[in-house]
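All remarks here apply to the structure that follows.
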Amino acid sequence: MPISVRDNVPLAPLTTLGVGGPARYFVEAASTGEVRHAIEWARARNLPLFVLGGGSNVLVSDRGFPGVVVRIAIRGIVEEAEGVFLAGAGEDWDALIARAVAANYGGIECLSGIPGSVGGTPVQNVGAYGQEVSETITSLEALDLRDLAPRTFANADCGFAYRQSIFNTTERGRWVILRVAYQLRKDAPPRIAYRDLKEYFAACKNPSPTLQQVRDAVREVRRSKAMLIVPGDDDSRSAGSFFKNPVLTLSDYQRLVQLAAERGEKVPSYPAEGQSSKVPAAWLVEHSGFAKGYARGAVGISRKHALAIVNRGGAAAADIVALKNEIQQRVHDTFGIELIPEPVMVGFDGV
Ligand SMILES: Cc1cc2nc3c(=O)[nH]c(=O)nc-3n(C[C@H](O)[C@H](O)[C@H](O)COP(=O)(O)OP(=O)(O)OC[C@H]3O[C@@H](n4cnc5c(N)ncnc54)[C@H](O)[C@@H]3O)c2cc1C
């Protein structure tokens, strides 16, 4: 199965942030065989490899990537058994949700409007509006970059946690995800756990919305925060939330509460695992002196969401990094908390 290897392909148009340089070599792989060939091609030339999905959670450096970028284009959605949808990693994630919801399958309706590919969803265990994809993934198939052998991972093998799996931590860069299986529930009641959704349906006096109505509501709420990619809305030219919500130990949380109280502020928080608390990164950013709409040259903070760094047009990756650093520094100086970026940095530090 021959593959087509292209030279110096601009990566910016393949990412939602729209910044960064080219891939030295670029392959679009539409089957397991093509993925395998691309890996062998890179290996034979001793080149680094980067796996790209929908480009919605990456920041590509201005130099670009010096090796081979393999964009996963494996398609196909099969309902393998009642409610078990097996989808190719290159399928569009929101299109899969649209199809499932139209057939009245629940379990992923609150994840509507998250951009990117099916293969990207397990990597950081995407989550929104009270659902995480780890609740429905039953298994996934991936190719081992070490020996090119395929392996099936059960849900429990994936090490899912908040914005985390083995694929972005301990096993980062080792696996190419080929297909993901989701167990959905026919006629399931939609999940309305998140405040924004509760308020939405209270306001329209609809106490028992359908799955489709919840999907539509999630997309509408996301649009109002520029967390839905809408052509022409430059607040949505982002990588979504740029920072993870910090999960603090009890003592760190108490220290933060004390610090905020001295400033006359009250920290919002949600219970996390054990005795820890999750604190909204957006609150920390805004209370460190950054308002929505903050501008720094061609980059800025979204006018509609304090956690999104946006490219207002013509920005360089270096501009995004400079604003990221400024925010991290100021949050650290104000609250002593290290904000961890969510997007994957590509082509920085040599690779
Ligand atoms: C406007 C906007 C809103 C967003 N909202 C949310 C949100 O609500 N919740 C949330 O969790 N995320 C959100 N995101 C982030 C992003 O959409 C998700 O993380 C998405 O799942 C990334 O998928 P992708 O295909 O675009 O991955 P990419 O951006 O292409 O890649 C991200 C990482 O995954 C790896 N990867 C991708 N595909 C594969 C594969 N097949 N095999 C192995 N590794 C792979 C890449 O190597 C890279 O490390 C948002 C982003 C934007 C732009």
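The values are calculated or read from the model by the stated rules, or taken from the named source; none is laboratory data. In this text the structure is predicted, and so the values were computed from the model without any measurement. Quick reminder, even Gly has a Cβ in these numbers, built from the backbone with ideal geometry, and neighbours come from all protein chains shown. When the accessible area is computed, the model is the full protein with side chains, heavy atoms only, and any ligands, DNA or RNA have been set aside. Shrake-Rupley method; radii C 1.70, N 1.55, O 1.52, S 1.80 Å.
Some observations on this one:
- Local charge for residue 338 was computed over the other residues whose Cβ lies under 13 Å away, with Lys and Arg +1 and Asp and Glu -1, and equals +1.
- Accessible area per residue, Å², segment 46-151 with all protein chains present, probe 1.4 Å: 33 Å²
- Each principal axis of the Cα cloud of segment 221-268 was taken in turn, and the coordinate range along them, longest first, works out to 43, 22, 16 Å.
- Just the protein heavy atoms count here, and of the accessible area of segment 1-150 at 1.4 Å, carbon and sulfur take up 51 percent.
- Using only alpha-carbon positions in segment 1-56, the gyration tensor eigenvalues give semi-axes of 21, 13, 9 Å once each is multiplied by 5 and square-rooted (largest first).
- Applying 1/(1 + (r/R0)^6) with R0 = 45 Å to the Cβ-Cβ distance of residue 47 and residue 205 gives a FRET efficiency near 0.15.
- Where 75, 151 fall by accessible area, highest first, once all protein chains stay in place (1.4 Å): 75, 151
- Most mobile of 120, 297, 64 in a GNM of the chain (Cα contacts under 10 Å): 297
- Quotient of Cα Rg and 2.2 N^0.38 Å for segment 238-337, N being how many residues it contains: 1.13
- Evaluating 6.51 cos²θ - 1.76 cosθ + 1.60 at θ = phi - 60° for every residue in segment 316-322, the Karplus couplings come out as 9, 4, 4, 5, 5, 5, 4 Hz, glycine and proline recorded as x.
- Distance between the 7 Å Cα→Cβ label points at residue 312 and residue 81: 5.4 nm.
- Residue-count net charge about residue 281 - beta-carbon cut-off 13 Å; Lys, Arg +1, Asp, Glu -1: +2
- Accessible-area ranking of 216, 187, largest first, probe 1.4 Å: 187, 216
- Based on the Stokes-Einstein relation at 37 °C and a viscosity of 0.692 mPa s, and on the Kirkwood radius from alpha carbon pairs, segment 30-116 is assigned a translational diffusion coefficient of 219 µm²/s.
- Rg/Rh for segment 47-89 (Cα atoms only, Rh after Kirkwood) is 1.18.
- Rounded Å value of the spacing that divides the Cα centres of segment 329-351 and segment 269-304: 13 Å
- Measuring spread by the Cα atoms of segment 80-188 yields a radius of gyration and Dmax of 13.2, 42 Å.
- Fluctuation leader among 307, 47, 178 - the chain, Gaussian network, Cα springs under 10 angstrom: 47
- Among the listed pairs 186/244; 205/278; 225/278; 186/304, those whose Cα-Cα separation exceeds 23 Å are 186/244; 205/278; 186/304.
- For segment 145-241, the pair-distance distribution built from all alpha carbon pairs, in bins 5 Å wide starting at 0, is 2, 9, 14, 13, 13, 17, 16, 9, 5, 1, 1, 0 percent.
- For segment 202-351, the relative contact order works out to 24 percent when only alpha carbon pairs closer than 8 Å and six or more residues apart are counted.
- The spread of Cα positions in segment 154-209, taken along each principal axis and listed from longest to shortest, comes to 49, 24, 17 Å.
- Under a Gaussian network description of the chain, with springs only between Cα atoms under 10 Å, the residue in 331, 78, 218 that fluctuates furthest is 78.
- Debye intensity ratio in log₁₀ form over the Cα atoms of the chain, taken at each q of 0.06, 0.07, 0.10 Å⁻¹: -0.22, -0.31, -0.64
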